[in-house]
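J.: Have a look at the structure that comes next, please.
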Ligand SMILES: [Zn+2]
């Protein structure tokens, strides 16, 4: 079995064993898309959005998968809705990506909502994790949660709610589901990889 097929199998199992974990469905969708299984990927992103309806990046990827699966009209509908969600939440990158796709498809790009969402009191901190639900309420951690570069990056870009979601909940599920042995180098690397994926640090190559 190829490495990709193996990871798809891992995440299929995780999505089946823990069906309300949006992270599992989201990653499964990304892996299926990577494997060219666009109709299957779309199903995983749809499930992600049922659990987490404000996950703007999932709208973007669902729209892309639907397009590649030849479902243009449905893609336009999803991207239009996703654009509005991303706009309201202030998720700049997914919003720009969906706006660009809508333009390429010749579909109207929704008018941004009144900028009221950007005014008013807030913490002034923006969490950069795709799928963060905190918006203006996002608060940074008081100190880096890890004693390395990732820890510094987390404190600068990830809100405390997202970190706690990972640290107190999802990380434990990942360890259990994937039976990671954290005393081994392999287990530690896998753990770090899942943590980075959850936090949206995929652009950072593994050291
Ligand atoms: Zn957050």
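Derivation of every value follows stated rules applied to the coordinates shown; laboratory data play no part. Since the structure is predicted, the reported quantities are computational estimates derived from the model, not experimental observations. Heads up, the Cβs are rebuilt from the backbone with ideal geometry, glycines too, and the neighbour counts pull from every protein chain shown.
J.: Could you rank the peptides 22-35, 42-55, 126-139 by their average count of other C-beta atoms within 10 Å per residue, with the highest value first?
T.: Packing order, densest peptide first, comes out as 22-35, 42-55, 126-139.
J.: Relative contact order (percent) for the chain, with alpha-carbon contacts under 8 angstrom and 6 or more residues of separation?
T.: 12 percent
J.: Now for a separate question. For the stretch 3-47, what class follows from the C-alpha gyration tensor (a ≥ b ≥ c being the square roots of its eigenvalues): rounded when a/c is under 1.5, otherwise prolate if a/b is larger than b/c, else oblate?
T.: oblate
J.: Per 0.36 nm of contour for each residue apart, how much would the distance between residue 4 and residue 96 grow if the chain were fully extended, relative to their Cα-Cα spacing?
T.: Here the answer is 30.2 nm.
J.: Report the Stokes-Einstein translational diffusion coefficient (µm² s⁻¹, integer) for the chain, Rh taken as the Kirkwood radius over Cα pairs, at 25 °C with viscosity 0.890 mPa s.
T.: Rounded to a whole number, D works out at 137 µm²/s.
J.: Something else: Roughly how large, in nm² to one decimal, is the mean projection of the convex hull of the alpha-carbon atoms in the stretch 1-119?
T.: 7.6 nm²
J.: Quick check on the chain: helices-only [θ] at 222 nm, where DSSP H runs of length 4 and up contribute -39,500 (n - 2.57) each and the sum goes over total residues. Nearest 500, please.
T.: -18500 deg cm²/dmol
J.: Another question, then. Taking 0.36 nm per residue of separation and subtracting the Cα-Cα distance, what length does fully extending residue 176 through residue 202 add?
T.: Extra length from residue 176 to residue 202 when fully extended: 7.1 nm.
J.: Once you treat every alpha carbon in the stretch 120-207 as an equal point and sum by Debye, what is log10 I(q)/I(0) at q = 0.15, 0.16, 0.19, 0.20 Å⁻¹?
T.: Calculated log10 I(q)/I(0) at the listed q: -0.57, -0.64, -0.87, -0.95.
J.: Give me the number: length gained by fully extending residue 169 to residue 184, i.e. 0.36 nm times residue separation minus the C-alpha to C-alpha distance, one decimal in nm.
T.: 3.2 nm
J.: If you build a Gaussian network model of the chain, linking Cα atoms that sit under 10 Å apart, which residue out of 85, 174, 152 swings the most?
T.: Residue with maximal mean-square fluctuation among 85, 174, 152: 152.
J.: With a 10 Å cut-off between alpha carbons and a GNM built on the chain, which of 148, 73, 87 moves the most?
T.: 148
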